[in-house]
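Here the structure comes first, spelled out in C-alpha cells, and everything after it is commentary.
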Amino acid sequence: MRLLEKIALVTGAAGGIGRAVALRFAGEGAFVIVSDINAPGCAETLDFLERSGGCGVVVLADVTEEKEIQALYRQIEEDYGRLDIVVNIAGGDCEPVADVEEIDYLKMSANLDLNLKSCIISCREAARLMKPQGFGKIVNMSSLVYRGSPNQFSYSAAKGGIYAFTRSLALSLGRYGITANALAPALVEVPAFVAALGSERWEMLRKECAQRYPLGRVATPDDVARCALFLASDDAAFITGQILEISGGARL
C-alpha cells in the first residue's frame with residue numbers, strides 16, 4: 001500500500017474526480033478527509049469509501065471563502081496534528097463559452113475565486129502544517145486549457161495560474177521536504193458534466209474529442225486519480241514543480 005497511514009485531504013470530493021481520488025487513496029491505505037460544499041455528495045463518497053474497506057471523515061467547506069478554508073485546516077490540525085497530502089480538486093468553469101469581448105466580470109471573478117484563489121489559500125494553510133513536520137505532498141488541479149483556449153478565457157487563466165503558483169510552491173517548499181505538482185486533464189467523463197450537457201450533446205462531444213485524441217477516448221475520473229496517487233506517493237519522491245498532462249495525447 002503506497003499511502004499506508006498517511007492523512008490526506010481531498011477537496012471537491014463530492015464530484016467525479018474528487019471521489020475517484022478519495023477512493024483510490026483510501027484503497028492505498030490513506031485516511032481520507034473528504035471535503036466539499038456538497039454535504040450529500042460527501043456523505044455518498046464516504047459511504048463508498050467505507051464500504052470498500054477504507055477509512056475517512058467528512059469535513060464540509062466552501063473553498064471560495066477564506067475563513068472556511070482556514071477552519072478546515074484548523075480542524076485537521078486539532079483532530080490529527082498533521083497533514084501528509086492535500087489534493088486540491090475543487091473547481092469548475094463558471095464561464096465555459098464566451099467570446100473575448102463578452103467576458104463577464106462577475107463570472108470571471110467567480111472563476112478566479114473557485115479555481116485559483118481557493119487553491120492558493122488551501123496551499124498556504126497546508127504549508128503551515130507541513131513545514132514543521134518536514135514532509136508533505138501537494139497536488140493541484142490544473143487543466144489542459146492552461147495552454148490556452150479560444151473560448152474559456154478566465155478559466156484558462158485560472159488554470160494557468162495554478163501551474164505557475166505550483167512551480168513557485170515547489171521552489172519555496174522543497175527545502176522542507178514538500179513536493180508540489182499539478183494535474184492537467186483533457187476532457188474527463190464526469191457524471192455532473194454529462195448530466196449538465198445532456199446525453200445527446202455529451203455523446204457528440206465525447207466522440208469528437210475521442211477522434212482527436214491519439215488514444216481514441218476521453219479520460220475517466222480514475223485516469224486522473226491514478227496520476228494523483230502517483231504524485232502523492234513515494235514513487236514521485238524526486239518530482240516537484242511539474243504539470244502532468246492526462247490527455248490521451250491531445251495537443252501533442
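Values quoted throughout were computed directly from the atomic coordinates according to the rules given, and no laboratory measurement underlies them. Please read these numbers as outputs of a predicted model, since none were measured by experiment. When we count neighbours, we look across all protein chains shown, and the Cβ atoms used for this are built from the backbone with ideal geometry, even at glycine.
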(request) With springs connecting C-alpha atoms under 10 Å apart, model the chain as a Gaussian network and identify which of GLN75, GLN152, GLN133 has the largest mean-square fluctuation. (result) GLN75
(request) Starting from the amide H of ILE243, placed 1.01 Å from N in the peptide plane, find each other amide H under 5 Å away whose residue is 5 or more places distant or on another chain. (result) ALA182
(request) Consider the candidate values (1) 56, 37, 37; (2) 52, 39, 36; (3) 47, 37, 34; state which one is Cα extents along the principal axes in Å computed from the structure displayed. (result) (3)
(request) Tabulate in residue order the Karplus-calculated ³J(HN,Hα) for segment 222-233, using 6.51 cos²θ - 1.76 cosθ + 1.60 with θ = phi - 60°, rounded to whole Hz; enter x for Gly and Pro. (result) 6, 4, 6, 4, 5, 5, 4, 4, 4, 5, 8, 9
(request) Please tell me the relative contact order of the chain in percent, rounded to the nearest whole number, where contacts are Cα pairs under 8 Å and at least six residues apart. (result) 19
(message) Counting other beta carbons within 10 Å of each residue's own, what order do THR220, THR240 fall into, fewest first?
(response) THR220, THR240
(message) I'd like the distance between the alpha-carbon centres of segment 28-101 and segment 146-169, rounded to an integer number of Å.
(response) 21
(request) Any chance you could list P(r) for segment 88-167, counting all Cα-Cα pairs in 10 angstrom bins from zero, rounded to whole %? (result) 20, 47, 23, 9, 2
(message) Here is the link list: LYS6/LYS67; LYS67/LYS117; LYS107/LYS159; LYS137/LYS159; LYS6/LYS117; LYS107/LYS137. Which ones come out longer than 22 Å on Cα distance?
(response) LYS6/LYS67; LYS6/LYS117; LYS107/LYS137
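Can you give me the relative contact order of segment 61-185 as a percent, contacts being Cα pairs under 8 Å and 6 or more apart?
29
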(message) Given an 8 Å cut-off on Cα distances and at least 6 residues of separation, report the relative contact order of segment 29-104 as a percent.
(response) 24
(request) Once you've got the GNM for the chain with C-alpha springs shorter than 10 Å, pick whichever of SER109, SER143, SER52 has the biggest mean-square fluctuation. (result) SER52
